[in-house]
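Colleague: Below you will find the structure I want to go over with you.
Each value in this text was obtained by applying a stated rule to the coordinates, not by laboratory testing. Quantities reported herein were computed from a predicted structural model and do not represent experimental measurements. For neighbour counting, all protein chains shown are included, and Cβ atoms are generated from backbone atoms with ideal geometry for every residue, glycine included.
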Amino acid sequence: MFCEYYRNIYKLYQRSYVALNTAVKIGDREVLFFVKRSRQRRASVSFSVEKDLSIQVSAPYRTSVDSIAKILKNRASWIARRIGEIQKNESTKGTALFLGEAYEVKITRNSEEKNYCRLEDKAIKINIQDEWLSQQGVKEEAALELMCWYKKEIKSIFIEKLGKWSEKIKISYDSFRINNAMRQWGSCDYKNVISLNWRLVMAPKEIIDYVIIHELCHIKHKNHSEEFWKMVEKYYPGYKEAKKHLRENITHYEWHPKEFLL
Ligand SMILES: [Zn+2]
């Protein structure tokens, strides 16, 4: 939090706000304000509340920081209202894939609510609580929320599908784990432990079925022999299209929080 505070200052400083930044207490909140000095003789001090919840002030050179703080304090209720409006305002940040569908991602910054990510009204809604985050920080936080949600969702899908297919194929696996590999959808080791990539959460459900069937068949055949593919085909006749789908969509599913929403 402390670190974020200084990152914010630095970022805004770089944006050519000519120095002087400090905070003013608005309700329970310390709000950063940045003063841009005007060379022209301005009649008065003006300010606005920015999206990152800081205040940008334009003031003539002669106005002291103390008197600016005093002006802001006098307008505390208006500032608090603006902050509330900005926090509640949803911002749309591109789309994210979930089970083969692209959903709009809507991010809110509501400090009253804990961080969350959920599918609601045909959109992926993410809330970020921390009030000190910079815009860049919000994106990073949102990406992490989304990744946690992805992993939670895919885990239950894997459990359900592994149960269903191992019963149908009449084959049992030792255990399964979720892996983080970039280009491997699944694997099955000599102990019959199945690893599945959480990024499959972005693929359509039938593609997830294919990967699960593929790995379950490896319990019987530890290779990609003709017998192996015959077994796969028995339970998943369209396996060639599924393979092609994964090959063609690999760049869409190579999702990494760092690249998200940039
Ligand atoms: Zn294989």
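Colleague: What pairs in LYS170/LYS230; LYS139/LYS243; LYS51/LYS152 have C-alpha atoms more than 27 Å from each other? Don't skip to the answer; put the middle values down first.
Modeller: Details: LYS170/LYS230 16 Å; LYS139/LYS243 33 Å; LYS51/LYS152 31 Å.
Flagged as over cut-off: LYS139/LYS243; LYS51/LYS152.
Colleague: Are there any chymotrypsin sites (Phe, Trp or Tyr not before Pro) in the stretch 166-234 that are in a DSSP loop and have at most 10 other Cβ atoms within 10 Å? List them by number.
Modeller: Those that pass, being in a loop and sparsely packed, are TYR190.
Colleague: Which of the trypsin sites (Lys or Arg not before Pro) across the stretch 149-225 are loop residues per DSSP, with 15 or fewer other Cβ within 10 Å?
Modeller: LYS170, ARG183, LYS191, LYS222
Colleague: Once you sort the root eigenvalues of the Cα gyration tensor of the stretch 24-80 as a ≥ b ≥ c, which label holds: rounded (a/c under 1.5), prolate (a/b larger than b/c) or oblate (the other case)?
Modeller: Values: a/c = 2.21, a/b = 1.72, b/c = 1.28.
Here the stretch 24-80 falls in the prolate category.
Colleague: Taking N as the number of residues in the stretch 109-262, what value does Rg over Cα atoms divided by 2.2 N^0.38 Å take?
Modeller: Normalised by 2.2 N^0.38 Å, the Cα Rg of the stretch 109-262 equals 1.21.
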